[in-house]
1. Every residue in segment 166-180 that is modelled with pLDDT under 90 and among the aromatic types (F, W, Y), please.
2. Based on what the data block shows, is M288 under 30 Å from N74 (Cα atoms), open to solvent by less than 80 Å² (accessible area, probe 1.4 Å) and of a type in the set (A, V, I, L, M)?
3. crowded, with 16+ Cβ neighbours inside 10 Å, at pLDDT 95 or above, more than 24 Å from S172 (Cα to Cα) and not acidic (D, E): is that true of V104 in this structure?
4. If we scan segment 95-110, do we find a residue that is among the β-branched types (V, I, T) and in contact with a Phe, Trp or Tyr (Cβ under 8 Å, 6 or more places away or on another chain)?
5. Do the conditions hold for L265, that is, is it surrounded by 13 or more Cβ atoms within 10 Å (Cβ to Cβ), farther than 24 Å from G7 by Cβ, within 25 Å of the chain's Cα centre (by Cα) and modelled with pLDDT of 95 or more?
6. Could you list, in sequence order, all residues of segment 205-235 that are assigned to a helix (DSSP H, G or I) and either without any contact (Cβ under 8 Å) to a residue 12 or more places away in the chain or out of contact with any strand residue (DSSP E or B) (no Cβ under 7 Å at 6 or more places or on another chain) (or both)?
7. Looking at this structure, is D273 open to solvent by 20 Å² or more (accessible area, probe 1.4 Å), among the charged types (D, E, K, R) and either within 17 Å of L183 (Cβ to Cβ) or in a strand (DSSP E or B) (or both)?
8. Identify, by number, the condition in (1) open to solvent by 20 Å² or more (accessible area, probe 1.4 Å); (2) outside any helix (DSSP H, G or I) that D37 doesn't meet.
Amino acid sequence: MKIAFVGKGGSGKTTLSSLFVRHLAATESPVVAVDADINQHLGVALGLTEAEAAALPAMGAHLPLIKEYLRGSNPRITSAETMIKTTPPGEGSRLLRVREENPVYEACARQVRLDPGEVRLMATGPFTEADLGVACYHSKVGAVELCLNHLVDGAGEYVVVDMTAGSDSFASGMFTRFDMTFLVAEPTRKGVSVYRQYKEYARDFGVALKVVGNKVQGPDDLDFLRQEVGDDLLVTVGHSDWVRAMEKGRPPRFERLEPENHHALRTMREAADAAYPRRDRHRYTSQMVHFHLRNAESWGNAKTGADLAAQVDPDFVLGEPAAEPIAAGTR
C-alpha cells in the first residue's frame, strides 16, 4: 500500500502521518515512512531529536547511487546519467521491496524504534544554503519519485509519504503514485481550499482521495466540513493531549493516545486497505509513462542529450508478484 498525506501548511498533515505510521508499527506491519516535504519534520514527529533528524541521510544526495542501482541491466537505459526522476522501470531494472535489504535502503534509510514497533525512515533532505537562488525545491523530491516508480509493494505492506504542503505536489506526477491519499483539512475556508484544488487536479487520474478533518472542536466544525467536502470526509480528529505532549518532546506510550483518535487511525487504515484490491497495475504504469514522456519532451531530452522516450518498455507492467523475492527485471 502506498499512502500519501497532503494538506496546506499548518494543517497537521505531518502530525497525522506520524500518528498513522505509529499505528501501523504498533500492529507490527512493515512500514517505509518517507519525508517528502522540503520542511523536514517527520523524523521529529516520530520521536527523533532535532540533531538525529538533521543527521538523516538525504535521498537527493544519493541520487547517483539510486539511479545506478535501479537501472540494473535495463538495455533501454544507457547510463545512470540519462535517468530522470520519472524514468520508468523495464525489463532488467532492479525493483525495490518494502521487506528487503538493498543498497538504496542502506544509503538512504534508517530504522526508527517506536513504542512499540519500528519503521524504516527516508527523507528527501532539506533545502540547503547552496540551493538558495539556484535550485528548485521540486528537484529535491525527484529521488522519492524515482524510488516510488520502482517500488513493488503488496497487501499488508505500507509506504507512507508525507508530501509537500499545498497543491505543489502536482508539480510532478508523484500525486498519482498512491493507492490512497489522505488530505488533512482544518474546518476553515483556507483549510478546504487545497481539497478543492486536489479534487479538481486528481479527477482525471483516478486518485483515491479521503479527507481527514483536523482540529475539529465541535458540531459546527463538523457540519462545515461535511458541507464543504461531502462524502470525501472520512473521519475527524480533535484536540489531543497526547499530541501536545509529543510536540513538547515528552510523548507518553502510544497506547495512551485518546481512544477516539485510535479509532480514527483504524478507520484510516481500513480505508487504505480497502483501496488495495482496486489497484490497477496497467493504469499505474501508463500514468508513470505519461508523466515521463511529458518531462522528457519539456526538459529531460535537452538536459540529458538523449531521447528519453526510448527508455519506455512497452511490454512492462509494474506489479506485485507473490511471496518470493524479486530478482532484477522481474515484474
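1. F170, F175
2. Values: under 30 Å from N74 (Cα atoms): yes; open to solvent by less than 80 Å² (accessible area, probe 1.4 Å): yes; of a type in the set (A, V, I, L, M): yes.
Yes: the conditions hold for M288.
3. It is false that V104 is crowded, with 16+ Cβ neighbours inside 10 Å, at pLDDT 95 or above, more than 24 Å from S172 (Cα to Cα) and not acidic (D, E).
4. Checking segment 95-110: at least one residue is among the β-branched types (V, I, T) and in contact with a Phe, Trp or Tyr (Cβ under 8 Å, 6 or more places away or on another chain).
5. Spelling it out, it is not the case that L265 is surrounded by 13 or more Cβ atoms within 10 Å (Cβ to Cβ), farther than 24 Å from G7 by Cβ, within 25 Å of the chain's Cα centre (by Cα) and modelled with pLDDT of 95 or more.
6. Those that are assigned to a helix (DSSP H, G or I) and either without any contact (Cβ under 8 Å) to a residue 12 or more places away in the chain or out of contact with any strand residue (DSSP E or B) (no Cβ under 7 Å at 6 or more places or on another chain) (or both): F205, P219, D220, D221, D223, F224, R226, Q227, E228, G230, D231.
7. Answer is no for this residue.
8. (1)
The values are calculated or read from the model by the stated rules, or taken from the named source; none is laboratory data. What you are looking at is a predicted structure, and each value in this text was computed from that prediction instead of being measured. Virtual Cβ from ideal backbone geometry, glycine too; neighbours counted across all protein chains shown. When the accessible area is computed, the model is the full protein with side chains, heavy atoms only, and any ligands, DNA or RNA have been set aside. Shrake-Rupley method; radii C 1.70, N 1.55, O 1.52, S 1.80 Å.
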